[in-house]
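These notes concern the structure reproduced below.
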Number of protein chains: 2
Amino acid sequence: MATIEDVARLAGLSRATVSRVINNHPYVTEEKRKSVQQAMEQLGYVPNSIARQLRTQTHETIGVLIPRLSNPFFSKLVDAMENIAAEVGFQLIVCQTKSQKERELLYLNWLKTRQVGGIIFASTENEWDVIKPYKEFGPIMFCNEYPPHTEAPIVCLDQLKGGYIGTKHLLERGHKKIAYCYAGSQFTNIRERYAGYKKALDEYGLPLNERWMFKDAYDTRDGKRIYHALMQQADRPTAVFTSSDEVALGMIAEAKRNGTAVPDDLAILGFDDQPIAELMDPAISTVYQPVEQIGITAIRMMIRFLRNQSVPVNEITELPLHLVVRHST
Amino acid sequence: MATIEDVARLAGLSRATVSRVINNHPYVTEEKRKSVQQAMEQLGYVPNSIARQLRTQTHETIGVLIPRLSNPFFSKLVDAMENIAAEVGFQLIVCQTKSQKERELLYLNWLKTRQVGGIIFASTENEWDVIKPYKEFGPIMFCNEYPPHTEAPIVCLDQLKGGYIGTKHLLERGHKKIAYCYAGSQFTNIRERYAGYKKALDEYGLPLNERWMFKDAYDTRDGKRIYHALMQQADRPTAVFTSSDEVALGMIAEAKRNGTAVPDDLAILGFDDQPIAELMDPAISTVYQPVEQIGITAIRMMIRFLRNQSVPVNEITELPLHLVVRHST
DNA sequence: AACAATTCTGAAATCGATTTCAACTCAGAT
DNA sequence: ATCTGAGTTGAAATCGATTTCAGAATTGTT
C-alpha cells in the first residue's frame, strides 16, 4: 500500500508538496502538480483516511441510534440518511439499541473513543441529563424522538397534530370508545401524540379510559396480542388508534381470523403510511409521516456540524403529518 | 479530551507504561498499574481509536454492501450482523449500492482509503474480475449473493434447492403453467434458484416458456406490474413463483382488487418467509430463508479475519432452505 | 540596481497511540 | 563478590498524513 512518502520519493519532491496537491492548496507550480499527480496515478495512491483523521481531528463517520433496523420505520429513516451521507463521502454506522439504556450509552461512548464523529438519536430511552455530558465530545442531535428538556438540535414530526387528527377522524366517524396504543418509550415526542389524542377527546367531551390504553405496541405480534386483550373486555372500544402500521396490520389479520369485521365491528387506524398499508384488505387508514424528510434534514445538519466543526444550536425543526383515509376506519 | 500523555504525566510515569496498562501487558508492577488506572479514572480517559488504528494498522469497521436498507430482507440481514458486531465492539457501515456497479466500486474503494477494514457483499452487480484487485487491501467476502468464479469466502443459501422445492410444490398441486419472477441482478446465486426451477419442470417433462419469465421483480409495485403483465397474456399461467414475499404481496393485493381468486385462479408462491407472509389473507406460501443465520455466520467470519489479520480462505458455506405451505398456493 | 512583495518548497513538528530497545533493579546461583 | 536472567521502566521511533515556519526563487516597483 503506497503512502504519501512513496509518492514524494517517486516524484522527487517532499511530502508537504504532495499533501498540497492532494488538498488543492495554492502555491504549487503546475509542473510539480502534474508530476505528483502522475506519481499518485502510477502507484495507485489513495490517502489513508485514518492518518488524515488523526492529524486533522476531523470525522466523517456518524452513528445513528435506532431500536432495531428491521423496524421498517427506522430502516426507511436510515436508508434516507445514508443516501445523503454517501453523496458527500460520510459514513453511517448502525447502532441498534434495542431500546436499552445501557446500549445507548455504549454507543454514546463511541464519541469519546472517536469511533464516530457525531451521533443522531432516532430513538432514546435515557434522560437528557444522562446524555448531556457527552456533548463536549462531539455533536449530538435528535431525529424523531427526544427526551424532555433536550438542549440539542431536534428534527421531529408534529406528533401532537398526528394524535389529534387521527383521533378526530375516528370521532367524526361516530366512534366514542377509542383505544390507544403506544410504544413503551417513556419520553420522546410520543407523549405529544398522546396529548393530541387527549385534546381531541376533550373537544368531544369524552373521558379517558385507562383500560383502553395499550403499551409496548411495536410490531405485528403486539397487534395480535392487543386485539385479544381488547376483545376480552366487557366494555369494548369500537375503534383503535394504533402506534404503527405494523401493529394495525397484526390487529387486522387477527380480527379477520376471528370474524371481527373491520371497520364495522372495529375501526383500526395505523400510523406511518408504509407501502403495506395500502395493500392490506381492507387498506389501512393511517397518519402519513415524512420519514425520509426528517432523515434528510437531520443528516444534512449533522454533516454541517462536522464539516465546520461548529457547535450545534438548539433549534427545533418540526415537520407536518397528514391523514390518509382508506378503508380500515 | 485527555490523551495518554496527560495520564502519564498525572501518574508520573511514561506513556509506554500507561499503554502497557491499557493493553494488559505483563511486566507492570501492581503499584504502578493502580496508579495509572486511578489517573485514567480521574481524567475520564479513553484511548483514541483513530490513533490506535493508525499505529496498529488494525480495523474494527466493516462495510456491508446491500442494494437498499428498506428492503426487509436486507434490513433483517444487517440487523443480525450488527448484533454480533456490537458484541465485540466492531462497527458496521451501511453501504447502499442501489444495485449500481459504480456505487459498489465506490464503496469498495473505502478499503483503500481505510475507511473500512473489510467488506461483505450481500448483493453484487460486478463481475469477480472487477472486484478481485481489491482483495489486497482487506478481506472481502460474500453473503447471500456472489458472482461466478468468486475466489473469496462465501456464505449463502441453497438456492438451487429453494427453486426446486418451490416449483415442485406448485407442480404437485397440479399446476403446469408456472410463471417465474426474478430480480434483475445478472449474476448471483439467483441463477441457481432458476436452475432449481428448471430442474423441477424438467422432471415433470414440462417446457420453459420465455413469456412467463418476469425480471426486475423487487418490491410490491413490481408485484402489481407483473400481475397485470401476466393476466394480459392469452395463454395465462395458473401459478407464479415470485422472487420475494413483497412481490407476492403486491401481486395478491392486486389480484384481489381485480377479482382474481388466490389460489384458485392464480396460485402465488412467495420467497423469504417474512412476518407479513403469515398475516396476509390468504396467508402466503413461501420458501423460508434463514436470513439471520447467514448474516451471523458471515459477520463472525469477517471478524475473525480482521482480528487475526489473516487471509480469507475460499470456502463456501451453504445453509438450507425449506418450504412453508400456507394458503396462497 | 536595490528592495519589497509574492510565490513556491521542504525540514520538522504534530496528531495520539504502540512498540522496540536499551538500561536498570533485584533475586538467586556460582 | 560476581554473574545471570527475569522483571520493570522510559526514551525514542513509528504509523501516514497535515501544517507551520523559515528560507529560496521569482516578480514587480522605484
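Please specify each residue of segment A:18-57 satisfying the condition of being in a loop (DSSP other than H, G, I, E, B), away from DNA strand C (no atom under 12 Å from the Cβ) and aliphatic (A, V, I, L, M). Within segment A:18-57, just A:VAL46 meets the criteria. When A:GLU31, A:GLU87 are checked against the criterion of being acidic (Asp, Glu) and within 13 Å of DNA strand D (Cβ to nearest atom), a single residue qualifies: A:GLU31. Of the residues examined, B:GLU104 is one that is buried (at least 22 other Cβ atoms within 10 Å of the Cβ), of a type in the set (D, E, K, R) and in contact (Cβ under 8 Å) with a residue 12 or more places away in the chain.
Among residues of segment B:134-147 that are in the same structural domain as B:ILE66 (by TED's automatic domain parsing), those with a beta-carbon under 9 Å from a residue that is in a loop (DSSP other than H, G, I, E, B) and among the charged types (D, E, K, R) at least six positions away or on a different chain give the pairs B:TYR134/B:LYS112; B:LYS135/B:GLU151; B:PHE137/B:LYS112; B:PHE137/B:ARG114; B:GLY138/B:LYS112; B:GLY138/B:ARG114; B:PRO147/B:GLU125; B:PRO147/B:GLU127. The single condition among (1) without any contact (Cβ under 8 Å) to a residue 40 or more places away in the chain; (2) open to solvent by less than 40 Å² (accessible area, probe 1.4 Å); (3) within 11 Å of DNA strand C (Cβ to nearest atom); (4) of a type in the set (A, V, I, L, M) that B:ALA2 does not satisfy is (1). Given the condition among the small types (Gly, Ala, Ser) and out of contact with any Leu (no Cβ under 9 Å at 6 or more places or on another chain), answer yes or no: does some residue in segment A:25-42 qualify? Within segment A:25-42, none of the residues are among the small types (Gly, Ala, Ser) and out of contact with any Leu (no Cβ under 9 Å at 6 or more places or on another chain).
Per-residue answers, yes or no, for (1) open to solvent by less than 10 Å² (accessible area, probe 1.4 Å); (2) at pLDDT below 95:
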position	(1), (2)
B:PHE142	yes, no
B:GLU145	no, yes
B:PRO153	yes, no
B:LYS168	no, no
B:LYS176	no, no
B:TYR182	no, yes
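Has segment B:145-165 got any residue that is outside any helix (DSSP H, G or I) and within 14 Å of another protein chain (Cβ to nearest Cβ)? No, because not a single residue in segment B:145-165 is outside any helix (DSSP H, G or I) and within 14 Å of another protein chain (Cβ to nearest Cβ).
Does B:ARG15 fit the bill of being within 9 Å of DNA strand C (Cβ to nearest atom), open to solvent by 80 Å² or more (accessible area, probe 1.4 Å) and more than 39 Å from the chain's Cα centre (by Cα)? Spelling it out, B:ARG15 is indeed within 9 Å of DNA strand C (Cβ to nearest atom), open to solvent by 80 Å² or more (accessible area, probe 1.4 Å) and more than 39 Å from the chain's Cα centre (by Cα). Among the residues of segment A:231-244, the ones that are at pLDDT 95 or above and within 30 Å of the chain's Cα centre (by Cα) come to 4 in all. Taken together, the residues in segment A:128-140 that are open to solvent by 10 Å² or more (accessible area, probe 1.4 Å), more than 14 Å from chain B (Cβ to nearest Cβ) and in contact with a helix residue (DSSP H, G or I) (Cβ under 9 Å, 6 or more places away or on another chain) amount to 2.
The values are calculated or read from the model by the stated rules, or taken from the named source; none is laboratory data. If you're wondering where the values come from, they're calculated on a predicted model, not measured in any experiment. Backbone-built Cβ (ideal geometry, glycine too); neighbour counts: all protein chains shown. Heads up: the accessible areas ignore ligands, DNA and RNA and are worked out on the full protein's heavy atoms, side chains in. Shrake-Rupley method; radii C 1.70, N 1.55, O 1.52, S 1.80 Å.
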